[in-house]
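Read the structure below first, then the notes.
No lab work stands behind these numbers, since they all come straight from the coordinates. These figures come from a predicted structure and were not determined experimentally. Cβ: placed from backbone, ideal geometry, glycine included. Neighbour counts: every protein chain shown.
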Amino acid sequence: MLARLAGAFAPGGASHYFSGFYVYGQWYLTGEERAAAYDVTNKLGANFNQITIKHPMSAGGIGAVGLAARYSALNLNSGPYSGSSLYNMLAYTTLIAPNPPAASYIANAGVVGGRQQNVTLGINWYPENGFHFQFNWIHVLQASAPFNDYALYATGVPARQGPYYNGVHPDLFEARAQVYW
């Protein structure tokens, strides 16, 4: 039976498809506009140039300050058992659970990279042309890794969590300084 499974779940030369997207917005508290920096003079394509800072620090102002928000999602699963449908769940319960050696055939059938969704809130500060400081808070809404068993050693005893463990929602804080010309 395992020889039959190998041919069904391991197609040679298969293409992999991943998906992801984000929605981003920024609002300048100091009145700058990103649309004013849109440049169509380049014949190779349009660009966003640096924003025009209305009150730079060199002129006694505070620079440009913007609030930003982003929602993003990423799916790094590809293949017949990427964990995204009822069919995949049924295959897991009927093929893998009763027959653990079949798990190696399923795992080799594609890429099982997991999924993530997060939201970001940030503050951007442009004190002068060529300087940018960014402060972000990122909150992970969902993180999953199909067909992985996680062991938690907080109590000293391993605990099996099973596939699609997504009970953790980490927070990340990041700061970035950028100089450009």
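Quick notes
- Burial order of peptide ranges 43-50, 26-33, 132-139 (average beta-carbon count within 10 Å, highest first): 132-139, 26-33, 43-50
- Counted by Cβ distance under 11 Å from Trp27, the other residues give a net charge of -1, where Lys and Arg count +1 and Asp and Glu count -1.
- Using 0.36 nm per residue and subtracting the Cα-Cα separation, the extra length available between Trp181 and Asp39 on full extension is 49.4 nm.
- Subtracting the Cα-Cα distance of Tyr17 and Met57 from 0.36 nm times their residue separation leaves 9.7 nm of extension gain.
- Working from label points 7 Å from Cα in the Cα-to-Cβ sense, the Arg70 to Trp27 distance is 1.9 nm.
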